[in-house]
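Asks: Structure below; questions to follow.
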Amino acid sequence: MVMVINSTKLEEEFFEAKNNWNLERLYIDLASAKGKALTPVEKKFLRGLLCGYSPAEIATTVYQSRSSSTVRVYLSNGLYKYMEEMLSVKTELSVKIKNWSRVTQLLEKAGYKKNSAQFQPQAEPITANYPLIPDTVIKLDSAPKQDWGEAIDVSIFQGRNQELAKIEQWITVERCRLVILLGISGIGKTALSVRTAEQLQDKFDCVIWRSLRLAPPLEVLLNQLMQFLSHQPGVNLPEIDGSISQLIDCLRSTRCLIVLDHVDAILCGNDEQYLDMREENTYVLPQIKYRQGYEGYGELIRRLGESRHQSCLILTSREKPQEIAALQGEALPVRACKLSGLSTIDTWKLLQDKGFVNSSEEECRVLGQWYGGNPLFVKLVATAIQELFGGNIYEFLEQGTMAFGDIRHLLDQQFNRLSDLEKQIMYWLALKSDFVSLRKLQKEIFPQVSQRLLLEAIELLQRRSLIERQSSNFSQTPVVMEYIAERLIQENFKSSGEKETYLLASNCLFESQLKNHIRESRMNAEM
């Protein structure tokens, strides 16, 4: 089947390449290497490459088909050969183009990109006898440029092999533009982001890792990114929208991996926006939004997820921003990876790294289940066991308290971000010893709420990484259960005597039920 392309459309598609590249000069030089003028189709495919499109994406735009075989044949038997000859003559080096993503980097270093520091105007096109120009020599095998910021040391890293393999597949094979790592505090999002970047660094021309823990203004971050990508110490950027456009242009011409850690630091907390309003038992649920003055980050995330480019942005967060929820999909270039706890064997290895070389596998298994395989929680409690129980895990398990010290503080941070309805649902989930269906939850929760509000609140709790899901049933890890149960007891005593309360009427009966529930949950974990 022969595919026919409208010649007028050929000249229109991908023509934004003219904004950043000296197209006419490139057409002439490639024609000299070819021995005759480029065809309209060759020009079109060249412009697509210069815009950062892969062969599959070019095929989708030109032929409305994901089959890229026609495009790849044109590139391999035509454009790549012309470029190799042109650049080899120009540099007196043997140039080979094995991947489409290298085209823009090679041509930029050769001076074909507008405003390129290496660009030297030439009066004549390149020919087979054209002499070498020293100022435009291309360094072909230069190492990727990297800026690791305050990235943590992950030389000792346990587990996550499946997650690493999945993320690598998404980024290198399926060409995802945006990946977010989600999970509760301490689950290992930061460590996984660094490990992923280390493993993929050879696949990118540039790698930059930044933490948003201290909530830098977007203007500061964009300035750092542009300085890094443009190789210039000072960059004068326009307004936010224009700066994001410039960044996307860079990400189209250079394959770059950008990691932004702790995105939740720029999201609203309860003291800023998550105050619930209840009027006549009607709940108004807030959404996960950005702190005042940080709304531009949402625009950055949305545009980097929507726009075509050859780079990748990795985010880590305890909470999923709305932009991700709208863009992600199993067959889309935006993906979300929610981290679960470490396996029993990886938890055991982690404890051995902490010095528990003589502890039994069973003790390590129970300890890991108590804390849901959370690496930070396990490390914190391991230190407490060494300092308070002489390294005896069994004695610690016997005393029965899970949520204390820094672990409780971390859970406080996340719990305090919840609305009243989210807290109410967390309380009722803590009363159950197993996974609970939405239907049962709606039937038993008091006061009653609409199905819509219940779905919205459960979705928010999911996006905040505070509940576990099996099919359409929901529960909590044992350490979160104990933490919520203790808070529920405290709230129950505070609420006693009030006319209306969504807690149980009898404090004594309530506390007894909770203690029995916690005991049953621990016995289930130890079985």
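The values are calculated or read from the model by the stated rules, or taken from the named source; none is laboratory data. Source: prediction; values computed, not measured. Methodologically, a virtual Cβ is constructed for each residue, glycine included, from the backbone with ideal geometry; neighbour enumeration extends over all protein chains shown.
Asks: Enumerate the pairs (first residue in the range 168-179 and at pLDDT 95 or above; second residue anywhere and among the aromatic types (Phe, Trp, Tyr)) with beta-carbon separation below 8 Å, excluding pairs fewer than 6 apart on the same chain, so at least 6 apart or on different chains.
Replies: 176/170; 179/170
Asks: Look through the range 451-496, keep the residues that are small (Gly, Ala, Ser) and over 33 Å from the mean Cα position of the chain (by Cα), and return whichever of them is farthest from residue 426 (Cα to Cα).
Replies: 496
Listed here are the residues, each with its yes/no results for (1) at pLDDT 90 or above; (2) closer than 28 Å to residue 325 by Cα; (3) touching a Lys or Arg at 6+ places or on another chain (Cβ under 8 Å); (4) not β-branched (Val, Ile, Thr).
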{"residue": "433", "(1), (2), (3), (4)": "no, no, no, yes"}
{"residue": "439", "(1), (2), (3), (4)": "no, yes, no, yes"}
{"residue": "447", "(1), (2), (3), (4)": "no, no, no, yes"}
{"residue": "464", "(1), (2), (3), (4)": "no, yes, yes, yes"}
{"residue": "491", "(1), (2), (3), (4)": "no, no, no, yes"}
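Asks: Spot the failing condition for residue 419; the list is (1) over 22 Å from residue 193 (Cβ atoms); (2) surrounded by fewer than 20 Cβ atoms within 10 Å (Cβ to Cβ); (3) of a type outside the set (Phe, Trp, Tyr), and only one is missed.
Replies: Every listed condition holds for residue 419 apart from (2).
Asks: What do you reckon, is residue 430 of a type in the set (Gly, Ala, Ser), under 21 Å from residue 367 (Cα atoms), assigned by TED's automatic domain parsing to the domain that holds residue 474 and surrounded by 18 or more Cβ atoms within 10 Å (Cβ to Cβ)?
Replies: Against the criterion (of a type in the set (Gly, Ala, Ser), under 21 Å from residue 367 (Cα atoms), assigned by TED's automatic domain parsing to the domain that holds residue 474 and surrounded by 18 or more Cβ atoms within 10 Å (Cβ to Cβ)), residue 430 qualifies.
Asks: Considering only residues that are touching a residue at least 24 places away in the same chain (Cβ under 8 Å) and either part of a loop (DSSP other than H, G, I, E, B) or surrounded by fewer than 18 Cβ atoms within 10 Å (Cβ to Cβ) (or both), which ones fall in the range 299-324?
Replies: 299, 303, 307, 308, 309, 310, 311, 318, 319, 320, 321, 322
Asks: Using the structure shown, decide if residue 37 is part of a loop (DSSP other than H, G, I, E, B) and surrounded by fewer than 21 Cβ atoms within 10 Å (Cβ to Cβ).
Replies: So residue 37 fits the description; yes.
Asks: Identify all residues within the range 429-461 that are in contact (Cβ under 8 Å) with a residue 24 or more places away in the chain and among the basic types (Lys, Arg); write none if there are none.
Replies: Of everything in the range 429-461, just one residue is in contact (Cβ under 8 Å) with a residue 24 or more places away in the chain and among the basic types (Lys, Arg), namely 432.
Asks: Taking the range 325-380 as the search range and keeping residues that are surrounded by fewer than 22 Cβ atoms within 10 Å (Cβ to Cβ) and among the β-branched types (Val, Ile, Thr), which one is modelled with the lowest pLDDT?
Replies: For the range 325-380, the residue satisfying everything is 357.
Asks: While we're on this one: I'd like to check something: does the range 74-82 contain any residue that is at pLDDT below 80 and more than 22 Å from residue 175 (Cα to Cα)?
Replies: yes
Asks: Do we find a residue being in contact with a Cys (Cβ under 9 Å, 6 or more places away or on another chain), at pLDDT 90 or above and under 30 Å from residue 399 (Cα atoms) anywhere in the range 302-321?
Replies: No.
Asks: Tell me which of these residue 248 doesn't satisfy, since it passes every other one: (1) modelled with pLDDT of 95 or more; (2) over 20 Å from residue 160 (Cα atoms); (3) out of contact with any Phe, Trp or Tyr (no Cβ under 8 Å at 6 or more places or on another chain).
Replies: (1)
Asks: Continuing with this model, one more query. Somewhere in the range 12-23, is a residue closer than 23 Å to residue 173 by Cα and modelled with pLDDT under 80? Spell out how you get there, then give the answer.
Replies: Residues of the range 12-23 closer than 23 Å to residue 173 by Cα: none.
Checked the range 12-23: no residue is closer than 23 Å to residue 173 by Cα and modelled with pLDDT under 80.
Asks: Which residues, counting only those in the range 15-38, are more than 17 Å from residue 50 (Cα to Cα), among the basic types (Lys, Arg) and either in contact (Cβ under 8 Å) with a residue 60 or more places away in the chain or in contact with a helix residue (DSSP H, G or I) (Cβ under 9 Å, 6 or more places away or on another chain) (or both)?
Replies: Of everything in the range 15-38, just one residue is more than 17 Å from residue 50 (Cα to Cα), among the basic types (Lys, Arg) and either in contact (Cβ under 8 Å) with a residue 60 or more places away in the chain or in contact with a helix residue (DSSP H, G or I) (Cβ under 9 Å, 6 or more places away or on another chain) (or both), namely 34.
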